[in-house]
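Written out below as structure tokens is the structure these notes cover.
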Amino acid sequence: MVGDAVWYEAAMVVGITNALNVVADGLGPLMAPVKPGTPEVDAVYADIDAFYGGGQVPTPFGLAAQDAGYLADLWGATKRAFGDNALSRRVKTALAFAVSLTTRSAFGTAFHLAELRRLGVGEGGIMEVVGVTQMFSSYTKIADTLQLEPDMGHIAPVDPTPAPGGPQP
């Protein structure tokens, strides 16, 4: 697993990004974010502000605060996923921006674009992420439309080992 650490980190970022986007895009127009006012919510909001800055709690966390336990769990997973580790926070944020573009998340695209800029990524870097995302998405759509089968089995054969933490044979 040590050699695969970056892939597990990337997968966690993709999953958390989708979770945040679903909450914000799906519930944002239908529910009001919870305002500070309880010790449990206030403590999480303070940690979110320390991580993101700006003094405003991002929409998915404000909505998740309807249940303080869920908010704490969601924030804990998000903070772990986006913290510097084998992959830097900037790389993870670029990945989240690409995921948000690909899934057409209005919240995620705007939020992660603002984060990229806050983390010092300039327009050239942002357009590089957009270009790579567009090319990957285009090639995937072409392959899907043509119903092409993968032809990389000789390069990257299927790994029969179980996933970490999964059932063992």
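Every read-out reported here was derived from the displayed coordinates using simple, explicitly stated rules and does not represent laboratory data. As the structure is a prediction and not an experimental result, all values here were calculated from the model. Positions of Cβ are generated from backbone atoms using ideal geometry, with glycine treated the same way; all protein chains shown enter the neighbour counts.
Every Cα-Cα pair in segment 80-124 was counted, and those over 14 Å apart are 46% of them.
Please give the FRET efficiency for Asp84 paired with Asp49, using the beta carbon to beta carbon distance and R0 = 22 Å, rounded to the nearest 0.05.
That gives a FRET efficiency of 0.75.
Straight-line cross-link partners of Lys35 among the lysines, defined as a Cα under 29 Å from its Cα and at least 8 positions apart when in the same chain: Lys79, Lys92.
Remark: C-alpha extents of segment 29-169 on the principal axes read 57, 46, 33 Å, sorted largest to smallest.
For every other residue with a beta carbon closer than 12 angstrom to the beta carbon of Leu119, add +1 if it is Lys or Arg and -1 if Asp or Glu, then tell me the sum. That sum, taken over residues with Cβ under 12 Å, equals +3.
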